[in-house]
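Notes follow once the structure below has been shown.
The values are calculated or read from the model by the stated rules, or taken from the named source; none is laboratory data. What you are looking at is a predicted structure, and each value in this text was computed from that prediction instead of being measured. All Cβ positions, glycine included, derive from the backbone under ideal geometry; neighbour counts span all protein chains shown.
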Amino acid sequence: MRAAGKRGMLPYRREAMRLRFADVVNKTKLPPLPRPPFGHISNRPPLMQGTRVAEWGMLGNNLAGDCVIAGRCHETMLFAQATKRPVPRFTSANALAEYSKVLVASGQPPFDPNNAETDAGLDPVAMAAYCQTVGLQDADGQFHKIDAFCDLADVEELMYAIHLFGAAGLGMNIPDSAETQFSQNHIWDDLHSQGSGGHYTASMGVNSRGHLVQCTWGGIQGTTPQYVERYWAGAVCYLSKEYILASGLSPEQINYAALDAYLVELGKPGDQTAA
């Protein structure tokens, strides 16, 4: 039995996103998605730098609704694992400290574990902007920034983002059955319940059965595409130099220097949110 954690994603503000996936990628020239499985996810958790700890980690999401922070930590860990870099060390204490910092940056009181009212949750779009301008700090004090981010419109774009850029942040308004299915190691496939709360997961791959693979609550969770579509709240694609090999190319051979120059032409520098 696995223990499900908390939710904590505020409504996804698609209208606040300046860049769409189609602004970054010419979808008409994309080849078909590869046959499953694809992505860099595996059943073996990453070994964090300087430790003997090989786990994704709950990262405070059992104590607070910091799923957006935990998801960004998991995505950052995956970028390192995929590019053969040392995997940054994240802890629950560190993730909750980042949660508090982003809450304050969003105009909220800092998180106080003794005051439930301060567990306000996070806006994933504002979080993406924070990761671009300030960066996510790991437990060793290193900051991990992204270069740009864009909105994903549907499940197909989510799969392309996973394939081309390593991972994506998925927001869903999941039903109560999600906790039970997670605890029992069942696929998320309940299409008949009502969504009951926003939750952010790191979407990292597609398995051999065609299920999207999420990292959430410290574990790996298979999810049918129909489930993602049913409870879709929004999704973010991240463009990060931490997903680049020594060659200057991504594992999928994307030239990030050319992409970065193109993003500058689109007005990438600065806050990418419209409001």
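Go through the residues of the range 152-159 one by one and say whether even a single one is closer than 21 Å to ILE220 by Cβ, in contact with a helix residue (DSSP H, G or I) (Cβ under 8 Å, 6 or more places away or on another chain) and not aliphatic (A, V, I, L, M). No - not one qualifying residue is present in the range 152-159. Checking the stated criteria, GLY210 turns out to be in contact with a Pro (Cβ under 7 Å, 6 or more places away or on another chain) and not acidic (Asp, Glu). Might you let me know whether the range 2-13 holds any residue that is under 16 Å from the mean Cα position of the chain (by Cα), within 26 Å of ILE187 (Cβ to Cβ) and outside any loop (DSSP other than H, G, I, E, B)? Looking through the range 2-13, at least one residue is under 16 Å from the mean Cα position of the chain (by Cα), within 26 Å of ILE187 (Cβ to Cβ) and outside any loop (DSSP other than H, G, I, E, B). Meeting the requirement of 1 or more residues that are among the polar types (S, T, N, Q), the strands (runs of 3 or more DSSP E) wholly within the range 196-239 are 198-206, 212-216, 219-223. Assessment of the range 92-115 against the conditions (in contact (Cβ under 8 Å) with a residue 24 or more places away in the chain, under 15 Å from the mean Cα position of the chain (by Cα) and not in a helix (DSSP H, G or I)) yields no matching residue. Of all residues in the range 159-174, those that are within 16 Å of TYR200 (Cα to Cα) have Cβ atoms under 8 Å from Cβ atoms of residues that are surrounded by fewer than 24 Cβ atoms within 10 Å (Cβ to Cβ) and of a type in the set (S, T, N, Q), 6 or more apart or on another chain, in ASN173/SER196; ILE174/SER196.
State yes or no: is ASN185 out of contact with any Asp or Glu (no Cβ under 9 Å at 6 or more places or on another chain), surrounded by fewer than 24 Cβ atoms within 10 Å (Cβ to Cβ) and on the phi > 0 side of the Ramachandran plot? The answer is yes for ASN185. Just wondering, is there one or more residues in the range 198-212 that are surrounded by fewer than 19 Cβ atoms within 10 Å (Cβ to Cβ), farther than 21 Å from VAL25 by Cα and free of Cβ contacts under 8 Å to residues at least 24 places away in the same chain? Scanning the range 198-212 turns up no residue that is surrounded by fewer than 19 Cβ atoms within 10 Å (Cβ to Cβ), farther than 21 Å from VAL25 by Cα and free of Cβ contacts under 8 Å to residues at least 24 places away in the same chain. Take the residues in the range 31-66 that are small (Gly, Ala, Ser) and not in a loop (DSSP other than H, G, I, E, B); name whichever of them is surrounded by the fewest Cβ atoms within 10 Å (Cβ to Cβ). Among residues in the range 31-66 that are small (Gly, Ala, Ser) and not in a loop (DSSP other than H, G, I, E, B), the one surrounded by the fewest Cβ atoms within 10 Å (Cβ to Cβ) is ALA54.
Residues of the range 127-155 that are at pLDDT 95 or above and of a type in the set (Gly, Ala, Ser): ALA128, ALA129, GLY135, ALA139, GLY141, ALA153.
Condition check for ALA70 on (1) more than 14 Å from the chain's Cα centre (by Cα); (2) in contact (Cβ under 8 Å) with a residue 40 or more places away in the chain: one failure, at (1).
In the set GLN214, GLN194, GLN184, only one residue is farther than 20 Å from ASN62 by Cβ and among the polar types (S, T, N, Q); that residue is GLN194. Is there any pair linking a residue in the range 234-255 that is within 29 Å of LEU122 (Cβ to Cβ) to one that is acidic (Asp, Glu) and surrounded by 23 or more Cβ atoms within 10 Å (Cβ to Cβ), with Cβ under 9 Å and at least six apart or on different chains, and which? Here the result reads GLY234/ASP151; ALA235/ASP151; VAL236/ASP151; CYS237/ASP151; TYR238/GLU75; SER240/GLU75, each pair linking the range 234-255 to a residue that is acidic (Asp, Glu) and surrounded by 23 or more Cβ atoms within 10 Å (Cβ to Cβ). Taking the criterion of being surrounded by fewer than 16 Cβ atoms within 10 Å (Cβ to Cβ), within 30 Å of THR51 (Cβ to Cβ) and of a type in the set (Val, Ile, Thr), would at least one residue in the range 133-146 satisfy it? Checking the range 133-146: at least one residue is surrounded by fewer than 16 Cβ atoms within 10 Å (Cβ to Cβ), within 30 Å of THR51 (Cβ to Cβ) and of a type in the set (Val, Ile, Thr). One residue alone among ASN26, ASN43, ASN61 is out of contact with any helix residue (DSSP H, G or I) (no Cβ under 8 Å at 6 or more places or on another chain), among the polar types (S, T, N, Q) and touching a residue at least 60 places away in the same chain (Cβ under 8 Å), and that residue is ASN43.
LYS84 falls short of the stated requirement of being basic (Lys, Arg), in contact with a helix residue (DSSP H, G or I) (Cβ under 9 Å, 6 or more places away or on another chain) and loosely packed, with under 15 Cβ neighbours inside 10 Å.
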